[in-house]
Amino acid sequence: MVPKESNPSRKRSSPGGYSESPCKAPSPGKWRSPRRCNGNRDEVRSVGENGNLSNGDLIGSPKSPRKELFRNSNQQLKWNPRGKLLNCHPAQMQTVKHALHVATPPAIVVCREKEQKNILEFCKSCFQQSKAGSLYVCGCPGTGKTLSIGKVKEYFLGWSKEVGVPSPDVLTINCTSLTSTSEIFSQMLVKFELSKGKATNTSPLQHLQDIFSQKKHQSGRMLLMIADEMDYLITRDHAVLHDLFMLTTLPFSRFILIGIANAIDLADRFLQKLEALNCKPVVITFRAYSKDQILKILQQRIMVVLPQIYIIYAICITPYACIVHTSLISVALGYDVFQPAALEYCARKVAATSGDIRKALDICRCAIEVLEAELKGSVTNKETEKVSFHHIETAISRSFKSPVVDIIQSLPQHQQVILCSFVRLSQHCKKNATTLAEAIILIIVYVCDQLNRSYSEICKSTQIRPVGMMDFASLCTALNDQGLLEIAQSRGDKSKKIKLKVDSSDITFALKVHICCLSTSCYIAASLAHDTSIGTGHTFFPELLGKGRPKTRGSSINSQFHLALK
Amino acid sequence: MDTEKALALLRSRLYDPNYVHATFKSSEESNYCKLKFLIMNSISDSCNNSILLLGPRGSGKVAVVDLVLEDLKTQHPDSISVIRLNGLLHSDDNFALKASSDDNAGFMIDMLKECGLSHKSIIFVLDEFDLFAQGKQRLLYSLLDAMQTVSSQAVVIGVSCRLDADQLLEKRVRSRFSHRKLLFVPPSREDVRRLLEHILYLPKDIGLLSKYVAEFNSKIQDILNDKKFQEILDSILFIDGAINNLVQFLFRAVSSMSLESGLLSLENFKGSHLCYQRQPKTQILEGVSILELYILVCMNRLECKEQNSYNFNSVMKEYKAIHEAYKTSDNYRDSVCLRAFEHLLERELIGFVDNKGRNLSIEIQPVKLLISPHELYLGLKSRSSCPAILQKLFDHESFR
């Protein structure tokens, strides 16, 4: 949450900063805590590395004229979603959306400090002891694995420069880009320049194994490899993955392998032999983000850096232009773009479902677009319009809500009747299932003409003219295309097995609330409700039959169908 | 001359999907506007976006995409390039050689980088999106992953008729795909009316006699307000509400416009509707003999009595029972009935329940009806030579 007192001229201690400013020492009351200052300084510096803005230093003190400058411009930097800048469309909205985009790399990676530290320590220890090691990073999608490891790589290279050792060769590879799984070894050879001395008839893997088993081939450099989406290397005999990790166990190998994948038990399932050799990879789990973590990440992203245009604007109006020019301003805008309750709701919802930060960012951007659309339409010129709870709720319902109910309500009438007849057939069947065991092995697969009969019955009772067999088949095909039914492939047209893929309670709900101009839909829904003597909470169990003919038990249930259709 | 010109104009309109779907261009809430808004935002913000268009077949998804892309090309000619992929052709498993699919993926990634550098946006249109989600989904993954970098500017539009297309994606791919969806639902009654007016009204400024144009348009107005026309329209829309279906219905009607009067009439629409209502099986029943009709009615009775499976012998039993009860004159021997039975099998009005009993003789294999009771009823009604007894037997089962 951006604090209320954030001024553009935030005071920070920085080594070279004060030598330039003509100000006196600031009063203690305005200082932030050093920890926060440090954090911000890192942010500033790494932003500089990204090339967005040059390194920022601290500006001003409460009494300096520059503060006056920024106090003035701060008023103009209030959240003004409609504000046009230089005749382009709302720039503030654009900046915030850009900051919230998944593709925008964040300045620092928050909430993953512990994991990054662990990985860095591991790499450093391997490096210092000059021995090989393997590490496996796992976690759900959207938990920041690739991003964190990228940062760790940078820190590691930086550290090696500081310490003065030759920096390791790094290969980052995404395993989805390999045409075949064993290509990874040839890529390693190329990148690490180990191909000299390779005989033409040895495979790349053998050559690597030779190199790592003999001391004379060493060049003295450590090799670091980061393999992303490692489960693409899994083959039927698990050979490639296994060989790759085994390379780290060879006596003279100086190879650090970091593997990234989603499966938590990859190491246990595929690398059991390594356990026997006592060289199992270190496993670091990136857990799904909690609500507080998501909130923190979102807030950190919203503290955007001013676009260059604002800075030029600020520079022009100050008499202290020369001083300002030398130390560039990096300003954190104190925009209260989002209402705090809205952001928290978004974080809570995403944390409860998947903990995937990409989803949270997407929802926030979607909410801003909802706000944008609203502002476009309305004529009131309120200056402060924030993204409220209501916008976030709209965005969340758009992404989380399944369109099934809407689709069912918008289907043509006969297709709705077919879905109803399906539900009715299975309700009858459930009613007559005498034991729990029979209910469990209930087949949800019906043959086309059984369905047709049920369909005709409903048409009869609701006075709709039923369609013929061929039209019926084409209606079923249309439903199959949409994914509401599934028609099994079968040789003849006559005995196609049809399965319902939508929950029957969705169908009942959709048709009950459907306000249709015809009363027949209501009648259908009413007749369904009347038949539901079992309760509304029934769910379908997956069918246990494979392809082919029903077993003998199944045919006894078929007889129950016939009885039920009385 | 004028009438021919009018006819030609109407036909060309009906077969131009851009014209048909341009009806809804002006309304704010239409999918056209939403899609256009999204793409324009992505281009001007130079950020990446992805969206899924879902709807039944024939509802105009690809047509709307084409409309939007055409408009954008005229507005921003240099900043967009479009790449179209189709799931039937380009999905992973459909390649004989693995190499060519990776070449494609590599090509797409390179294009992304190039266009990112030159500040152009690429728009990927992935038709039959659910077919891309089969197998390992490499193409989708590489595409969506490449869009996660700042240097690329792309919009991915997935078009699919499966409503759960995004559930088919792997979780990694789903995480990278933003969850925007546009649903294409069948148009409401008012929208259908607008569509009809948009297509059928002749414009005043194309060189036709203004008197003729006025007459034509007022006739159309009368037809659209006619209750019978509403019923015809309803019965078509109850089976398939997609715009394509409606357009085909209109095309048939328009093509049967009489050139002397030069005006459309309700008869044209009724005739088009009859084509829709063609019931092949009921038509077959008109050529079927009386004995065969008896057999069909017997089978229907057996089915109504909920016999699990019945074969020729049980049908014969039923047949004889009827004749004993009603003392009709149509009593034939078994061998004659067997021949009639075989005729019905050939015409596929009845069929065997399964194909396994090939070795058994015809009399023992279980059979079932392949024609619905309603169609049978219509067939009986339309046969003037049908004996009254059959109708009575049929009605006896209280089926109307």
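The values are calculated or read from the model by the stated rules, or taken from the named source; none is laboratory data. If you're wondering where the values come from, they're calculated on a predicted model, not measured in any experiment. Backbone-built Cβ (ideal geometry, glycine too); neighbour counts: all protein chains shown.
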Could you look through segment B:114-131, keep only residues that are touching a residue at least 60 places away in the same chain (Cβ under 8 Å) and closer than 30 Å to A:GLY483 by Cβ, and pick out the one that is surrounded by the most Cβ atoms within 10 Å (Cβ to Cβ)?
B:PHE129
Can you pull out the residues in segment A:278-299 that are part of a helix (DSSP H, G or I) and surrounded by fewer than 19 Cβ atoms within 10 Å (Cβ to Cβ)?
A:LYS291, A:ASP292, A:LYS296, A:GLN299
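Taking helices (runs of 4 or more DSSP H) that fall entirely within segment B:156-265, which contain at least 1 residues that are under 25 Å from the mean Cα position of the chain (by Cα)? Step through it out loud before you land on a result.
On the way: elements: B:171-176, B:189-200, B:210-225, B:227-237, B:243-255.
Where helices (runs of 4 or more DSSP H) fall fully within segment B:156-265 and carry at least 1 residues being under 25 Å from the mean Cα position of the chain (by Cα), they are B:189-200, B:210-225, B:227-237, B:243-255.
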Counting just the residues of segment A:117-176 that are of a type in the set (Lys, Arg), in a helix (DSSP H, G or I) and more than 14 Å from chain B (Cβ to nearest Cβ), which one comes out nearest to A:LYS280 (Cα to Cα)?
A:LYS124
Per the filter on segment A:405-416, residues buried (at least 17 other Cβ atoms within 10 Å of the Cβ) and either at the interface with chain B (Cβ under 7 Å from one of its Cβ atoms) or touching a strand residue (DSSP E or B) at 6+ places or on another chain (Cβ under 8 Å) (or both) are A:ILE407, A:SER410, A:PRO412, A:GLN413, A:HIS414
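Which residue, of A:GLY334, A:GLY259, is within 28 Å of the chain's Cα centre (by Cα) and either among the polar types (S, T, N, Q) or modelled with pLDDT of 85 or more (or both)?
On the way: A:GLY334 fails: either among the polar types (S, T, N, Q) or modelled with pLDDT of 85 or more (or both).
None of the other options fit; the residue is A:GLY259.
Out of segment A:461-473, which residues are surrounded by 14 or more Cβ atoms within 10 Å (Cβ to Cβ) and at the interface with chain B (Cβ under 9 Å from one of its Cβ atoms)? Working first, answer last.
Applying the first criterion (surrounded by 14 or more Cβ atoms within 10 Å (Cβ to Cβ)) to segment A:461-473 yields A:462, A:464, A:466-473.
Those that are surrounded by 14 or more Cβ atoms within 10 Å (Cβ to Cβ) and at the interface with chain B (Cβ under 9 Å from one of its Cβ atoms): A:ILE464, A:PRO466, A:VAL467, A:GLY468, A:MET469, A:MET470, A:ASP471, A:PHE472.
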Just one of the numbered conditions (1) farther than 21 Å from B:THR282 by Cβ; (2) within 14 Å of chain A (Cβ to nearest Cβ) is not true of B:PRO373; which one?
(1)
Applying the selection to segment A:477-488, what residues are surrounded by fewer than 19 Cβ atoms within 10 Å (Cβ to Cβ), touching a residue at least 12 places away in the same chain (Cβ under 8 Å) and either within 7 Å of chain B (Cβ to nearest Cβ) or under 19 Å from B:LEU237 (Cβ atoms) (or both)?
none
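Do you know which residues across segment B:333-390 are of a type in the set (Phe, Trp, Tyr) and not in a helix (DSSP H, G or I)? Working first, answer last.
Initially, segment B:333-390 is screened for residues of a type in the set (Phe, Trp, Tyr), giving B:341, B:352, B:377.
If the condition is that a residue be of a type in the set (Phe, Trp, Tyr) and not in a helix (DSSP H, G or I), then B:PHE352 is the only one that fits.
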Of everything in segment B:12-43, what is among the charged types (D, E, K, R) and out of contact with any helix residue (DSSP H, G or I) (no Cβ under 6 Å at 6 or more places or on another chain)? Give them in sequence order.
B:ASP16, B:GLU28, B:GLU29, B:LYS34
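Please work out which residue is nearest to B:LEU369 (Cα to Cα), limiting yourself to segment B:266-287 and to residues that are among the charged types (D, E, K, R) and either more than 11 Å from chain A (Cβ to nearest Cβ) or assigned to a loop (DSSP other than H, G, I, E, B) (or both).
Within segment B:266-287, the first condition is being among the charged types (D, E, K, R), and the residues that meet it are B:267, B:270, B:278, B:281, B:286.
The next check asks that each one be either more than 11 Å from chain A (Cβ to nearest Cβ) or assigned to a loop (DSSP other than H, G, I, E, B) (or both); those that pass are B:267, B:270, B:278, B:286.
Working: B:GLU267: 36, B:LYS270: 31, B:ARG278: 20, B:GLU286: 17 Å.
Only one residue fits best here, namely B:GLU286.
Before we move on, is B:PHE124 at pLDDT 85 or above and either touching a helix residue (DSSP H, G or I) at 6+ places or on another chain (Cβ under 8 Å) or more than 10 Å from every other protein chain (Cβ to nearest Cβ) (or both)?
yes
Any idea how many residues of segment B:19-77 are in a loop (DSSP other than H, G, I, E, B) and either within 13 Å of another protein chain (Cβ to nearest Cβ) or among the hydrophobic types (A, V, I, L, M, F, W, C) (or both)? Walk me through it before giving the result.
Of the residues in segment B:19-77, the ones in a loop (DSSP other than H, G, I, E, B) are B:26-30, B:46-48, B:55-60, B:76-77.
Within this subset, residues satisfying the condition of being either within 13 Å of another protein chain (Cβ to nearest Cβ) or among the hydrophobic types (A, V, I, L, M, F, W, C) (or both) are B:28-29, B:46-48, B:55-59.
Total meeting the criteria: 10.
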Has segment A:171-183 got any residue that is over 28 Å from the mean Cα position of the chain (by Cα) and closer than 23 Å to A:PHE127 by Cα?
no
List pairs: first in segment A:463-476 and in a helix (DSSP H, G or I), second surrounded by 20 or more Cβ atoms within 10 Å (Cβ to Cβ) and not β-branched (Val, Ile, Thr), Cβ under 6 Å, 6+ apart or cross-chain?
A:MET469/B:SER372; A:PHE472/A:ASN452; A:LEU475/A:HIS414; A:LEU475/A:GLN415
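For (1) within 41 Å of the chain's Cα centre (by Cα); (2) within 14 Å of B:LEU369 (Cβ to Cβ); (3) more than 14 Å from every other protein chain (Cβ to nearest Cβ), each residue gets a yes or a no:
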residue	(1), (2), (3)
B:LEU293	yes, yes, yes
B:ASN300	yes, yes, no
B:LYS305	yes, yes, no
B:TYR310	yes, yes, no
B:HIS323	no, no, yes
B:LYS327	no, no, yes
B:CYS337	yes, no, yes
